[in-house]
Amino acid sequence: MTHYFQQRVKLPFARVLLGALASSVVTFADLAPIQAQENDPASTSHNAGAGEVMPVPSTVTPSVTGIEQRLPAEQGSAKTGAGEGAAQETAQPEADDAAPVAEKQKQAPFSKPVMFDPAMVTDLARNLASQPFENPHRELPEVLSALDAEDYRQIRFKSQRAFFNPAETDFSLELYHPGNMYDVPVTINLVRNGEVQVIPFSAGLFDFGKTGLSGNDFSTQNYAGFRLRYPLSDVTSKDELTRFLGASYFRLQGQGQSIGQMARGLAVDLAGPTGEEIPVFREFWIVEPKKGAKTITVYALLDSERVTGAYQFDITPGTRSQADIKAHLFFRDGVEKIGIAPLNGMFLFGEQGRRFFDDYRGEVHSSDGLLINNGRGEWLWRPLDNPENLQMSSFLDENPIGFGLLQRDRDFDHYQDLERRFDQQPGYWVTPKGKWGKGHIELVEIPSPSETNDNIVAYWVPETKPVAGGEMQVEYSVTATRDGTSLHGLAQATDTRLQRLATLDDDGQPATRFVLNFVGGDLDYFVKDAKNLRADISASEGEVQNIRILPDPENGGVRVFFDLINSTDAASSNLRAFLLYQDKVLSETWTMPWAF
């Protein structure tokens, strides 16, 4: 049986809402030329407005895999590649050689190109962790910082200037302009034929729409992030495949999916008493795909007050697009709670309750539940909520098989939203690679009055806490799925509905009726013998009564009813329910915390 507990925590609302987005710039080196290209096979890559760039010197350090932690004392033996065979002959610049970029262009206009090595990013992260943290936020010109979200969206990359030759690859690269809350410059590098080439900032790559900013001088700025496009819908389309914009956030879409929830590189002390620390991706290296390649690789340098990291994303588009991720983390200081593979969703209201929302839409959410496949093979479904107080749920585990925030409800009529199309938004499924050891999956539900807040976060927390000078390595994949029906063959808990029951007299105990729908798997086969179907329902506090199972000819599967009686002084109860035919388990386990 899975051990888990729920907490209802009251913290200042501003402290736990997801923080300001951030990123920063790392610039190294002598420069070499690269330019944006017209998205036309006949045109060259030398178009006006992109400027020139310079090669980047690198040091090489071996990369490592798996989820593994090293204490400071172990690191001497962990770096054998760097000391014994990892191209240590690369000269380090003297302190007085750190001339400004413009001056170095004059000194060495024909410098030798630097070839990219993934270990270079690991070495940068390791070295960065040994230096004091510098706040990456920069003051934007007022005309950019004052942009609201709608105005910022008007600044669009000129699609005809997208990077990569369409005659060679179906992938294309577009960049994001700084503005609004995106106030941290991000360095974007291309890796072409193995050579590192920095993309210099150019306002000429952007259409400023009706913002009136086209005449401004933004030459001192840098990019805010990037996105990759790919023909997901059909051979002629240019759909968004992935987007890296703000802090360590990224999005991933598959075929027929609209833009929805987000993932991020790392979570640090989220919803903790000292406040959340927001890591950022400071620099990216995007490897230009070879002709006919179906996967594109992105490397990233992460930085935060107490942790740095080298990331590799191997992104494969498809019906269920997937990012295979490797991360090597280095800790400047100890961290109380590190969140691995964080997923971010939004849940305002669903079928189980609207609270105080006056809205024409029946449901508003980008995901409606957390699905867990724990290390013992059990499947758990936890419906999401927009609680009155901060709510945290922990699911203790060892070597989890997978977890994800899913959007199971795919009926447009339930949402009636033509713009955001919640019925088409992807769910994200995390598959660990290797043994993740002991820890817990943590679900954080933050009270939110608006759909503009991503108030749902889920991630893995290792049992062993990171220490100053330590390292951690982890590998996993994130898949953009739909409702997750292909993940297991059991019946799914699809709907959770509630009804407060009136008491008949002053001495009556308050009660709540729960109505659950289970659909799929082998349920329709066994429902013909309904008398041998049973629901196993338990509550950690209170009394469960009036359990009933009814076939549901309208929605398929069955509907399960039960009443929870508040017969205790406890403030809350943890509920579980699953279906059996005789002794055969037919469904995943529905689980939910309930406050009396």
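The values are calculated or read from the model by the stated rules, or taken from the named source; none is laboratory data. Small disclaimer: the values here were computed from a predicted structure and weren't measured. All Cβ positions, glycine included, derive from the backbone under ideal geometry; neighbour counts span all protein chains shown. These area figures cover heavy atoms from the full protein model, side chains too; ligands, DNA and RNA do not enter into them. Shrake-Rupley method; radii C 1.70, N 1.55, O 1.52, S 1.80 Å.
Points to keep in mind about this one:
- The stretch 208-248: trypsin sites (Lys or Arg not before Pro) falling in loop per DSSP and having at most 14 other Cβ within 10 Å: Lys210
- Between the stretch 134-174 and the stretch 272-349, the Cα center-to-center distance that results, in Å: 19
- Mean Cα-pair separation over length for the stretch 132-277, i.e. relative contact order, pairs under 8 Å, 6 or more apart, %: 19
- Surface analysis of the stretch 458-548 yields an accessible area of 50 Å² per residue, using protein heavy atoms and a 1.4 Å probe.
- Within the stretch 193-263, the ratio Rg/Rh, alpha carbon atoms throughout and Rh by Kirkwood, equals 1.03.
- Candidates per GluC sites (Glu not before Pro) in the stretch 370-417, loop by DSSP, up to 12 other Cβ within 10 Å: Glu388
- Derived scalar couplings between HN and Hα for the stretch 278-284 equal 9, x, 9, 8, 8, 8, 10 Hz in order, rounded to whole Hz, by the Karplus curve 6.51 cos²θ - 1.76 cosθ + 1.60 (θ = phi - 60°), x for Gly and Pro.
- Three-way shape label, the stretch 275-330, alpha-carbon gyration tensor, a/c 1.5: prolate
- The stretch 220-313: C-alpha gyration tensor shape, a/c 1.5 cut-off, then a/b vs b/c: prolate
- Cα-Cα over 24 Å, subset of Lys294/Lys435; Lys435/Lys465; Lys326/Lys438; Lys337/Lys435: Lys294/Lys435
- Placing unit charges on the Cβ atoms only, positive for Lys and Arg and negative for Asp and Glu, gives the stretch 104-250 a dipole magnitude near 420 debye about its Cα centre.
- The stretch 273-378: equivalent-ellipsoid semi-axes (sqrt of 5 x gyration tensor eigenvalues, Cα, Å): 32, 24, 16
- Value of Rg/Rh across the stretch 415-499 [Cα atoms, Kirkwood radius]: 1.03
- Accessible surface of Leu550 - all protein chains present, 1.4 Å probe, nearest 10 Å²: 80
- Overall, the accessible surface of the stretch 426-541 at a probe of 1.4 angstrom is composed of carbon and sulfur to the extent of 47 percent.
- Probe 1.4 Å, accessible area per residue of the stretch 228-284, Å²: 28
- When a 1.4 Å probe is rolled over the protein heavy atoms, the share of accessible surface on the stretch 226-359 that falls to carbon and sulfur comes to 47 percent.
- Pairs of Cα atoms nearer than 8 Å and 6+ residues apart set the relative contact order; for the stretch 240-321 it is 25 percent.
- Taking each residue as 0.36 nm, the span from Asn135 to Ser486 lengthens on full extension beyond its C-alpha to C-alpha distance by 122.0 nm.
- The stretch 503-571 and the stretch 188-263: distance between their alpha carbon centers, rounded to Å: 48
- Among Leu487, Leu241, the order of accessible area from largest down is Leu487, Leu241, computed with a 1.4 Å probe on protein heavy atoms.
- Dividing the convex hull volume of the alpha-carbon atoms in the stretch 371-465 by its residue count gives 118 Å³ per residue.
- Each 5 Å bin from zero holds the following percent of Cα-Cα pairs in the stretch 164-217: 4, 13, 20, 24, 17, 11, 8, 2.
- Three-way shape label, the stretch 115-212, alpha-carbon gyration tensor, a/c 1.5: oblate
- Taking 0.692 mPa s as the viscosity and 37 °C as the temperature, the Stokes-Einstein diffusion coefficient of the stretch 444-575 based on its alpha-carbon Kirkwood radius rounds to 172 µm²/s.
- When Arg156, Arg306 are compared by accessible surface with a 1.4 Å probe, the order from highest to lowest is Arg156, Arg306.
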